[in-house]
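First the structure, in the form of structure tokens, and then the observations on it.
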Amino acid sequence: APCLVRFDDTSAAGCVYCRPFAKLFLEITAQFFEVVIFTASTPAYADQVLDVLDPRQVLVRHRLYRQHCTVVDGGYMKDLSQLGRPLESVVLVDNSPISLILNPDNGILCSTWMGDAQDKELLDLWAI
């Protein structure tokens, strides 16, 4: 189901549709791993979406946002050393190759979701 989000720098609002199985993916992943969301989005936007996926804030342990990214040539890169965790135990699942540049050995590149209701990529990640 879509969630209504409001953008902080305008009075506009919009709908966000979540990728199929996103909530289930978080629920299963949180049973086995510490889940950290590292997004190039602003907190004002990302928190609204994450609060739909994790309303009780029990699945996602930490949230990192655009201000935590390293900006190079206008691209937002995610430096996993900021997590303070051994990198050999960290995996970043992202749809942007730029996000993976600083820690390529830790990245799993997924496709960008374009609204396909039959998409099963998040389920397929569990086969890895």
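Couple of notes before you dig in:
- Filtered by the rule that a residue be hydroxyl-bearing (Ser, Thr, Tyr) and in a loop (DSSP other than H, G, I, E, B), segment 52-75 gives a lone residue, TYR65.
- For LEU53: the one exception among (1) surrounded by 15 or more Cβ atoms within 10 Å (Cβ to Cβ); (2) more than 15 Å from PHE25 (Cβ to Cβ); (3) not aromatic (Phe, Trp, Tyr): (2)
- Test: ARG19 is within 13 Å of the chain's Cα centre (by Cα) and either at pLDDT below 90 or of a type in the set (Lys, Arg) (or both): yes
Quick grid of which residues meet (1) under 18 Å from PRO20 (Cα atoms); (2) loosely packed, with under 11 Cβ neighbours inside 10 Å; (3) without any contact (Cβ under 8 Å) to a residue 24 or more places away in the chain:
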site: PRO86; (1), (2), (3): no, yes, yes
site: LEU92; (1), (2), (3): no, no, no
site: SER111; (1), (2), (3): yes, yes, yes
site: ASP119; (1), (2), (3): yes, no, no
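- Test: residue in segment 101-109 that is in contact (Cβ under 8 Å) with a residue 24 or more places away in the chain and within 12 Å of the chain's Cα centre (by Cα): no
- Residue count for segment 86-115, restricted to those that are within 14 Å of ILE37 (Cα to Cα) and out of contact with any helix residue (DSSP H, G or I) (no Cβ under 8 Å at 6 or more places or on another chain): 2
- For segment 99-124, the set of residues classified as of a type in the set (A, V, I, L, M) and outside any helix (DSSP H, G or I) consists of ILE101, LEU102, ILE108, LEU109, MET114, ALA117, listed by residue number.
- In the set (1) among the β-branched types (Val, Ile, Thr); (2) surrounded by fewer than 13 Cβ atoms within 10 Å (Cβ to Cβ); (3) touching a strand residue (DSSP E or B) at 6+ places or on another chain (Cβ under 7 Å), the condition left unmet by VAL72 is number (3).
The values are calculated or read from the model by the stated rules, or taken from the named source; none is laboratory data. As the structure is a prediction and not an experimental result, all values here were calculated from the model. In this analysis, Cβ positions are derived from the backbone assuming ideal geometry, glycine residues included, and neighbour counts consider all displayed protein chains.
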